[in-house]
1. Regarding segment 105-112, can at least one residue be identified that is under 26 Å from residue 10 (Cα atoms) and among the β-branched types (Val, Ile, Thr)?
2. Could you list, in sequence order, the residues of segment 360-387 that are more than 18 Å from residue 228 (Cβ to Cβ) and among the hydroxyl-bearing types (Ser, Thr, Tyr)?
3. Please indicate, with yes or no, whether at least one residue in segment 491-505 is touching a residue at least 40 places away in the same chain (Cβ under 8 Å), within 16 Å of the ligand (Cβ to nearest atom) and of a type in the set (Phe, Trp, Tyr).
4. Inspect all residues belonging to segment 472-493 and state whether any of them is assigned to a strand (DSSP E or B), of a type in the set (Phe, Trp, Tyr) and modelled with pLDDT of 95 or more.
5. Please specify each residue of segment 14-30 satisfying the condition of being out of contact with any strand residue (DSSP E or B) (no Cβ under 8 Å at 6 or more places or on another chain) and surrounded by 11 or more Cβ atoms within 10 Å (Cβ to Cβ).
6. Going through segment 457-496 one residue at a time, which ones are surrounded by fewer than 19 Cβ atoms within 10 Å (Cβ to Cβ) and over 28 Å from residue 409 (Cβ atoms)?
7. Cβ-Cβ distance below 6 Å, separation of 6 or more or different chains: which pairs start in segment 451-477 with a residue that is acidic (Asp, Glu) and more than 16 Å from the ligand (Cβ to nearest atom) and end on one that is at pLDDT 95 or above and part of a helix (DSSP H, G or I)?
8. When residue 311 is evaluated against the numbered criteria (1) of a type in the set (A, V, I, L, M, F, W, C); (2) part of a loop (DSSP other than H, G, I, E, B); (3) surrounded by fewer than 20 Cβ atoms within 10 Å (Cβ to Cβ), which criterion, by number, is the only one it fails?
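The values are calculated or read from the model by the stated rules, or taken from the named source; none is laboratory data. This structure is a prediction, so every number in the text was calculated from the model and none was measured. Note: ideal-geometry Cβ built from the backbone for every residue, glycine included; neighbour counts use all protein chains shown.
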Amino acid sequence: EIPGDWNGRDATLTWFEGLVWFRKVLELDAVPEGRSFLHVGAANYRALVHVNGEKVGEHEGGFTPFAFDVTDQLKAGRNSIVIGVDATHENTSVPTPITDWKTYGGLTRPVHLVTVPDTYVHDWFLRLGSDSDLVATVRLGGADVANRKVRVEIEALDFTLDGTSDAAGTVTVKAVAPADLQRWSPGAPTLYDVTVSAAGDVVSDRVGFRTVATDGHRILLNGEPVFLRGISIHVETLGEPPSRAFDEASARALLEIAKNDLHCNFVRLAHYPHAAVMTRVADEMGLLVWSEIPVYWDVAFDNPGTLQTALHMQEENIVRDRNRASVIFWSVGNETPQTDERLAFFDAMIKAALELDDTRLMTAALHNVRGEGGVYVVDDPLAELIDVVAVNTYQGWYGRAPLTRVPGLEWQNPSGKPFLFSEFGAGAMYGFHDPEMEKFSEEFQEAYYKVTIEMARKVPDLAGLSPWILKDFQSPRRMHHAYQDYWNRTGLVSPRGEKKKAFFVLRDWYKEIEKQ
Ligand code: GCU
């Protein structure tokens, strides 16, 4: 099945991370007019693409879309499309083979044959500028891209932007935003139909307009302070075996638990770009999104090829999602060592991100915060380069500190920037109850959430949190035969969506602060 992952298809493939070939025979009455592209939503981890026996390209990176021009290879009649997908990761990959999540291999997102005119709209970005102008950047592709009339329209607002492309086929135009434009927010997720036309090509999308900024320790959405009531989420469907292949129903199923049951206004889509449908549904439902590139743990920061991989992955993610109002953060990585090479690597990523989109906030999930006597000072040099400082902490779960010690822990954030807990959590096996609160009992996880929330409430300028994690997920590192069996049990819900006792502890706090 495409989209799909081979892991769930057959017991012999559950942990297979090698090379699998996919083939589709496509009957065409005639070769389409214009240019045709094979567009792949994602292939984990490397893809080699052939059409009618001719190699048309290869791609590295398991979670972002790519497309190859196949105009010259297609023919009337039978077309053999062959894609090799190799899930092997190396130490120079992004991520490396060492992750705390299962490697799902395959064409995990939809594959489309896309036909466009000879001159077409390659991509576009429409956003509210800081001075409440509406700014459109449009890039044309194909032939004769220079000097072409470009029009961006929001019919519902009777708003039109007209421009002419430059020699490279790009144009940026802006105008004062219409007075009756409704800003997008979690409470009022207003989306507008936007149409972009040039040289006979017409494309459209539904876009929300909002601004996000920081003011000292505060995060401002449309100029107003917002507290992020979040939860972290991996890409795995509810049910067993879980799948990497998300359709709209899978996305809604998870995001509705977050928004409607847990009372979230924020989701951390860990640790890699989720399916395009996920951020579209977040736009519609009104959830703020943390979007992340899987520079996870000890990546080869000193390897130039690895930086190139991370940069093109980040570009593919930003170009795909920069019209999604829900996305407010671009995160460059998670829990990385504090070395000079890592700092240079992230400096390059952050600079490249701002070239593509200067309307969102840059962040990263830090850890390794050294604490003396229960006082943790977040002095990671990366805090200087990002806009929002976020920390993962597991006091009381990893290590031997008793839960009674957790409420008294203190956090200092000398950066003066907004501060989030991007992770905290503890494991529990759904249905395992122990009044003695042995670790992995629901009672332990419930007690852990109570003391950790008590600690979080005391952090003077906390701007939000995204506890780890909504749903149990598969991981090759979680091998405790009784409680894990290759499942990371830090979920607040079981693989089938059954809510553990800790779920209600977080929900009650979110309901309380939602009213404030
Ligand atoms: C880490 C990491 C997660 C991992 C979690 C855990 O912080 O960021 O990917 O799953 O902790 O240990 O469960």
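1. yes
2. 376
3. no
4. Yes, the conditions are met somewhere in segment 472-493.
5. Of everything in segment 14-30, those that are out of contact with any strand residue (DSSP E or B) (no Cβ under 8 Å at 6 or more places or on another chain) and surrounded by 11 or more Cβ atoms within 10 Å (Cβ to Cβ) turn out to be 14, 15, 16, 17.
6. Those that are surrounded by fewer than 19 Cβ atoms within 10 Å (Cβ to Cβ) and over 28 Å from residue 409 (Cβ atoms): 476, 479, 481, 482, 485, 486, 496.
7. Every condition considered, the pairs that remain are 454/407.
8. Just one mismatch for residue 311, condition (2).
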